[in-house]
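The values are calculated or read from the model by the stated rules, or taken from the named source; none is laboratory data. Computed from a prediction, not measured in an experiment: that's the story for all the values here. Here the Cβ is made from the backbone with ideal geometry for all residues, glycine too, and neighbour counts use every protein chain on show. Surface areas here come from the heavy atoms of the whole protein model, side chains and all, with no ligands, DNA or RNA. Shrake-Rupley method; radii C 1.70, N 1.55, O 1.52, S 1.80 Å.
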Amino acid sequence: MAAAAQEAEPACLQSFDLYESASRFYIFGTNADKTVWRLLKIDRSETSELDIDECSTVYTQAEYLELVSGLDEDHRSTGGVKFVTKFYGIIGFIKFLGPFYMLIITEQRKIGEIFDHPVYQVTKTSMIELANSKSRSSFLNPRDENSYSYPIMRGLQKNLRDPQEGWSLYESTFVWNEFLTRQIRNCLQSTLWTVALVYGFFKQDKFAISGKDIMFTLIARRSRHYAGTRYLKRGVNEKGRVANDVETEQIVYEAVPMPTEVSSVVQNRGSIPLFWSQDTSKLNIKPDIILHEKDKNYEATKLHFENLRGRYGNPIIIFNLIKTRERRESMLRREFDKAIRIINKLFSEENQLRFLHWDLHKNSQGEPTNVLDVLLKVAFRALTLTEFFYCQVAPPTGSETAPHWPALLHSHDPYFCDENSNSDISQEDISGSSDSSGNGTTEDKAETSELPQLKPPIFQKGVLRTNCIDCLDRTNVAQYAYGLAALGHQLHALGCVESPELGLGAPVAHHLMHFYERMGDTLAVQYSGSAAHNKIFSAKRGHLKLFIRSQEFFRTLQRHYSNACIDANKQAAINLFLGYFQPKQGSPALWELESSSEEHNNGSFGHTSDSIKRVNSDGSILSVSNTSISGCSGCHNELLTAAQPDVSTELQSSKMESDLVYVNEITSPIESKMSNSRYTPTLSHDHIHDVPSSQLDPCNSGDSNFLDLEWLSNSGNSSDERSLAVSTPDAHLSTENVISDIIPETMENQVAGVQAQKLPEQFVQWVNNGNSFWF
């Protein structure tokens, strides 16, 4: 009987059958092999609240079919029970001004697996109205309405050290349907029927190295807090949440049915944690940067770094890549530097922020590929401070339908996101100078032993946080360098390579670059509307400079079009999905609201008063314009004319005139006094005007407080120069490596560049007559 099936209750439901009657929806959920079934009932007559009832009985396959037949008979007088669709999870429920809607996953695609736990991509969804014809008629204005067992929202280190399931997973920073599932979870006090969605990037592939098949996984998780599009979400909010906050994790283990060793490393990107914004302009590719002087004590900035410490532990390493010679960015650079130094005065020595300000654009003006050498040196140094995660695991237990997590074989109490703990792992474990760090190869293991030789685990403590202005293009190159530095250590810990240091010329480095390039393009489309500017990656592959420049030019125009004409509607949809905007009778509709950056940065769709600093831009296409775009549904109907865009060069003189504008109301026209001020970007503690130089720590002078800048400025790439990071020579990969990437030859001589001073008439006509920039 059904009661006997209680013992076989599934750990999670994999697929669902949806049936409807005139008064109810019936959802039958089952496990992977369809041996057990559960029932959920949703009342269609209730309009103001969700009325959901979960049946406690667990049914067999035969009992499920018998129950459907019985329900059809019970509802015969009102038309019976009809099958609606098969689906794979409930995303959540949403209510506008009318009835509730249920969002479900109707199509999915398996894109990888971690420890035999599949990872799926949502490929199609449906929205089901819950109201029936009788309850629908009660609404006044109907026209206004026009699986999973691996917690992908958490890092591998957290999943193995502190396994969690159910309710707590939805409280994660990276679950985007937390709001949509809130009511059903509160009603059922269960998460069995819903699927937690992560927005970002996932790519997985196998490659062979030293005779082993290695599974490599790259994951990017986008934060749901302060989420949005490029010019409508900038900087930080009052709670310390930053725009474009993305956690990147790379996982490496041997591609065998039950891997016994696994390694991962996590890094972070996010907008500069200050109150700043940019107004979207139709005609200005590089809008003015506006610095809002509303947090002179940097409380929000401090909250942001405290939040990072709670997520990752110490140390927090800031890698700031913005420009020093461009008047818009240099203002933010000075203010960010000042904020870091003032906050460090408030933090204990243990909680001090480590930082490096390094102008990637300036340092890539010569040969762009040389910048990768320097970034790799920074990455090795940062890795000695954060380390990475490595452990041996016992095979998972449990049935095939309800697998449990593998367990750490050696689990003492190292530092794990706890400010009062310290790591028991020495620096020798990461540098490869200790046998316990995993530098032995497969041949070194005793084949006669029943169990593999135990190695102490290594735990990542702290995180490298990288940013530029958009946290897209330059940031992605730096994250690739850190990923490459970490990959060498990960492969070394798994016994695949003799040395933890991988060079840029290694075949696996080119394979990894493809992963990070794909991730960068995906994240850039989500935030800015175009693929990333991959100039350095393209140069590394040996592409012609003409090709690189033309590609960058078109992506700049595509990004500008998306920002000016599409992002307002996209931001409105994000606000609705995440629950930041909830429709109410008598209030303006979502599409009637203004879509300026100030509206979205305030979070409550209201206005605030503060003073601002505005640095004017030279990036006008047709003429200088500060007009904000609201919706801009007709932008594609406005014709371009031949003009002189300044997109070929971003390097500005270090001494240029700029305007400082102070206003009392952000949203009002600028009527205040204007005074010309000459910017002369400086370094070191000259940025700090409120803190006497005598109070600054001497070791904090310059652009970094954890890195020797003279050592960094050396352009060579020898192992001696990397002695601060590793103590072993360059790695030599096995000839058994099957990756067939071709190492690029020397760049050919530069050919005629793209003429950016005047747009050809044929190009203007092409833009005007076609929807060329819809992605």
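With the structure loaded, tell me whether A22 is over 29 Å from F581 (Cα atoms), assigned to a helix (DSSP H, G or I) and open to solvent by 40 Å² or more (accessible area, probe 1.4 Å) or whether it fails that test. Taking the combined requirement at face value, the residue does not satisfy it. Scanning the range 25-67 for residues that are in a strand (DSSP E or B) and open to solvent by 30 Å² or more (accessible area, probe 1.4 Å) turns up K41, D43, D53, E54, Y59.
The listed residues are S426, S434, S399, and the only one of them that is at pLDDT below 65 and either open to solvent by less than 40 Å² (accessible area, probe 1.4 Å) or touching a helix residue (DSSP H, G or I) at 6+ places or on another chain (Cβ under 8 Å) (or both) turns out to be S434. Scanning the range 190-209 for residues that are touching a helix residue (DSSP H, G or I) at 6+ places or on another chain (Cβ under 8 Å) and either assigned to a loop (DSSP other than H, G, I, E, B) or among the basic types (K, R) (or both) yields a total of 6. Does N601 count as in a helix (DSSP H, G or I), among the polar types (S, T, N, Q) and either surrounded by fewer than 18 Cβ atoms within 10 Å (Cβ to Cβ) or at pLDDT below 80 (or both)? Spelling it out, N601 is indeed in a helix (DSSP H, G or I), among the polar types (S, T, N, Q) and either surrounded by fewer than 18 Cβ atoms within 10 Å (Cβ to Cβ) or at pLDDT below 80 (or both).
Scanning the range 190-228 for residues that are at pLDDT 90 or above and among the hydroxyl-bearing types (S, T, Y) returns T194, Y199, T217, S223, Y226. Just one of (1) open to solvent by 30 Å² or more (accessible area, probe 1.4 Å); (2) over 29 Å from V242 (Cα atoms); (3) among the charged types (D, E, K, R) fails for K212. It is (1). Does E249 satisfy the criteria of being at pLDDT 95 or above and more than 19 Å from Y226 (Cα to Cα)? Taking the combined requirement at face value, the residue satisfies it.
Checked across the range 86-109, the condition of being farther than 15 Å from F28 by Cα, in contact with a Lys or Arg (Cβ under 6 Å, 6 or more places away or on another chain) and open to solvent by 70 Å² or more (accessible area, probe 1.4 Å) holds for at least one residue. Return the only residue of S348, S411 being in a loop (DSSP other than H, G, I, E, B), open to solvent by 20 Å² or more (accessible area, probe 1.4 Å) and at pLDDT 85 or above. Checking each option against the conditions leaves just S348. Only a single criterion out of (1) open to solvent by 10 Å² or more (accessible area, probe 1.4 Å); (2) farther than 30 Å from H492 by Cβ; (3) more than 20 Å from the chain's Cα centre (by Cα) is not satisfied by N237, namely (3). Across the range 240-273, the number of residues qualifying as of a type in the set (A, V, I, L, M), more than 16 Å from the chain's Cα centre (by Cα) and open to solvent by 10 Å² or more (accessible area, probe 1.4 Å) comes to 3.
The number of residues in the range 312-328 that are surrounded by fewer than 22 Cβ atoms within 10 Å (Cβ to Cβ) and closer than 21 Å to E249 by Cα comes to 2. Scanning the range 281-311 for residues that are part of a loop (DSSP other than H, G, I, E, B), touching a helix residue (DSSP H, G or I) at 6+ places or on another chain (Cβ under 6 Å) and either surrounded by fewer than 18 Cβ atoms within 10 Å (Cβ to Cβ) or not β-branched (V, I, T) (or both) yields a total of 2. If you filter the range 541-561 down to residues that are out of contact with any Gly (no Cβ under 9 Å at 6 or more places or on another chain) and charged (D, E, K, R), you find that the one that is surrounded by the fewest Cβ atoms within 10 Å (Cβ to Cβ) is E552. Scanning the range 45-54 for residues that are more than 36 Å from the chain's Cα centre (by Cα) and over 15 Å from I184 (Cβ atoms) returns S45, T47.
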